[in-house]
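The structure appears below as structure tokens.
The values are calculated or read from the model by the stated rules, or taken from the named source; none is laboratory data. Predicted, not measured: the structure shown is a model, and the values here were computed from it. Cβ: placed from backbone, ideal geometry, glycine included. Neighbour counts: every protein chain shown.
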Amino acid sequence: MYRKLFTILILMCFSLPAVAQVEKGDSEIRLLFFYSQISNDEDDSDVSGSLQIGYGYFFTPQFQVGLSPRININDGMSGIETTFSGSIYMGYNFTVSSKTVPYLTGEWYQNDFSPDQGTFSDHSYLTIGFGVRNFFTEYAALNTMISYGFSMASEAEGGLLMFLSGISFIF
């Protein structure tokens, strides 16, 4: 029942005739969520999620700078663990007066502010990503973003791929 209501709500949001009105001096509050579940052959699973509450300021209708603290919850083999992370980000809107506003983002992301293992920089990433805000009112949008982070650790291999989705409010 809840899935059907949520689906109807999402479809209504995408069909409403709203156009973004991002202007110089506007601010954005965004609530983005991330969830993952990793399973292995031994029937063990590692579930994690994060809530990001971000604040951004638009220096121009296209250029934004912001700060995003995050709380991360991991339920793995060793029990539930909560960590705090965050980022400083910049964004560039490709359009400002449209129902759908695509944007490019770059950030310095700190995956753990007080790591138990490794150094502070072992948990730091420089990320680049792409997102879309789909406005369902003049000042509220569904926000979806994907980014890839390059580790700042000296001997790191691979990186961090994040897919976040949530809601943004412009004021």
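Quick notes on this one:
- Note on region 141-165: residues that are loosely packed, with under 14 Cβ neighbours inside 10 Å and either within 14 Å of residue 30 (Cβ to Cβ) or among the charged types (D, E, K, R) (or both) amount to 2.
- Answer residue from region 72-91, given it is at pLDDT 90 or above and touching a Phe, Trp or Tyr at 6+ places or on another chain (Cβ under 6 Å) and is surrounded by the most Cβ atoms within 10 Å (Cβ to Cβ) among those: 87
- Residues (polar (S, T, N, Q), assigned to a strand (DSSP E or B) and under 20 Å from residue 98 (Cβ atoms)) located in region 53-74: 64
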